[in-house]
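Everything below concerns the one structure shown next.
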Amino acid sequence: MQKQDNAANKLHSEIMERSGQDFYNCIQCGKCTAGCPVVSAMDLLPREVLLYLQMGQEEKLLNSKTPWICASCFTCGARCIKDLDLCRIMEAIRVKILRPRGAECLSPGEIPRELLEKLPQQALVSGFRKRTR
């Protein structure tokens, strides 16, 4: 149990730092899932993403296709009664998946062509959005 608590705490602090959101505020009302326009293509529902984060189930999240399907349309955040921005949380999960430990950023010229062809476009757009403000 102690090992899982440590993993959950580490995951919580990492996602919270990157997103600025505290997913423990989620009360599992399901409004984010009910409003999501792309939920039918997801393997984890948006509220399940928050639940797995709360439970420290990192592997389920990192192996899910849901963070890549999220359209970042902000419908979930607009509907959330706790004012959580789930789009920022999904972004933080995508960053966790893509960014090797310790690496902060990668310039477009440093991305190998083979990798560039395989990277999800969402990851590239997300990176540009973060680095060009």
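The values are calculated or read from the model by the stated rules, or taken from the named source; none is laboratory data. If you're wondering where the values come from, they're calculated on a predicted model, not measured in any experiment. Heads up, the Cβs are rebuilt from the backbone with ideal geometry, glycines too, and the neighbour counts pull from every protein chain shown.
Results, tabulated for the structure shown:
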{"read-out": "Single match in Leu50, Leu61 (criterion: touching a Cys at 6+ places or on another chain (Cβ under 8 Å) and either part of a helix (DSSP H, G or I) or under 15 Å from Ala92 (Cβ atoms) (or both))", "value": "Leu50"}
{"read-out": "Verdict on Arg94 being out of contact with any Pro (no Cβ under 9 Å at 6 or more places or on another chain) and either crowded, with 16+ Cβ neighbours inside 10 Å or closer than 20 Å to Ala123 by Cβ (or both)", "value": "no"}
{"read-out": "Any hit, region 73-80, residues being assigned to a loop (DSSP other than H, G, I, E, B), in contact with a Cys (Cβ under 8 Å, 6 or more places away or on another chain) and not hydrophobic (A, V, I, L, M, F, W, C)", "value": "no"}
{"read-out": "Of the criteria (1) closer than 22 Å to Pro120 by Cβ; (2) in contact with a Leu (Cβ under 6 Å, 6 or more places away or on another chain), which one Gly56 fails", "value": "(1)"}
{"read-out": "Given (1) within 14 Å of the chain's Cα centre (by Cα); (2) loosely packed, with under 15 Cβ neighbours inside 10 Å; (3) at pLDDT below 90, index of the condition Cys73 fails", "value": "(3)"}
{"read-out": "Close pairs (9 angstrom Cβ cut-off, 6 or more residues apart or separate chains): within 14 Å of Leu45 (Cα to Cα) in region 67-83, among the acidic types (Asp, Glu) and in a loop (DSSP other than H, G, I, E, B) anywhere", "value": "Ile69/Asp43; Cys76/Asp85"}
{"read-out": "Lys65 more than 19 Å from Val125 (Cβ to Cβ) and surrounded by fewer than 18 Cβ atoms within 10 Å (Cβ to Cβ)", "value": "no"}
{"read-out": "Residue in region 99-114 that is at pLDDT 75 or above and either of a type in the set (Phe, Trp, Tyr) or in contact with a Pro (Cβ under 9 Å, 6 or more places away or on another chain) (or both) present", "value": "no"}
{"read-out": "Residue list for region 20-61, restricted to those being of a type in the set (Lys, Arg) and in contact (Cβ under 8 Å) with a residue 24 or more places away in the chain", "value": "Lys31"}
